[in-house]
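Only one structure is covered here, and it is reproduced in the block below.
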Amino acid sequence: RFLIKGGLAGAAVYVAYDQGLLGSGTEGAEALRKARETLPPAIQEWTNYLGWEVRAAQLPSTPKFDFSLSNSWNKGVHRVMSALSVAPTRACEYTVEGWKYVKDLVK
């Protein structure tokens, strides 16, 4: 069972590497373009083979999204660094508040 799962995972990584999905952004964009060109005819062929009647108008269009991995990564790095730079000040504030709370409980 473990060998089968490992083999499937290895095959998936190999196919992704072979298609250029693990390369640069331009290689990934080229692979996406190829998939957009190839999938609708392949789906139509399978539906014809299976005897399903699917018109081109019934097939949903490929989703359009504008997502930049580098911008998301940079935004995340900025947020983490901002949180780390404020952390000592916030820790002091929370410590002072905690001591006040404990002193009020003791009174």
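The values are calculated or read from the model by the stated rules, or taken from the named source; none is laboratory data. Bear in mind the structure is a predicted one, so any value in this text is a computation, not a measurement. These accessible areas exclude ligands, DNA and RNA; they are computed on the full protein's heavy atoms, side chains included. Shrake-Rupley method; radii C 1.70, N 1.55, O 1.52, S 1.80 Å.
For region 19-42, the candidate set comprises residues that are polar (S, T, N, Q) and assigned to a helix (DSSP H, G or I); within that set, the residue that is nearest to Leu69 (Cα to Cα) is Thr26.
When we screen Ala11, Ala16, Ala91 for residues that are modelled with pLDDT of 90 or more, open to solvent by less than 80 Å² (accessible area, probe 1.4 Å) and assigned to a helix (DSSP H, G or I), the only hit is Ala91.
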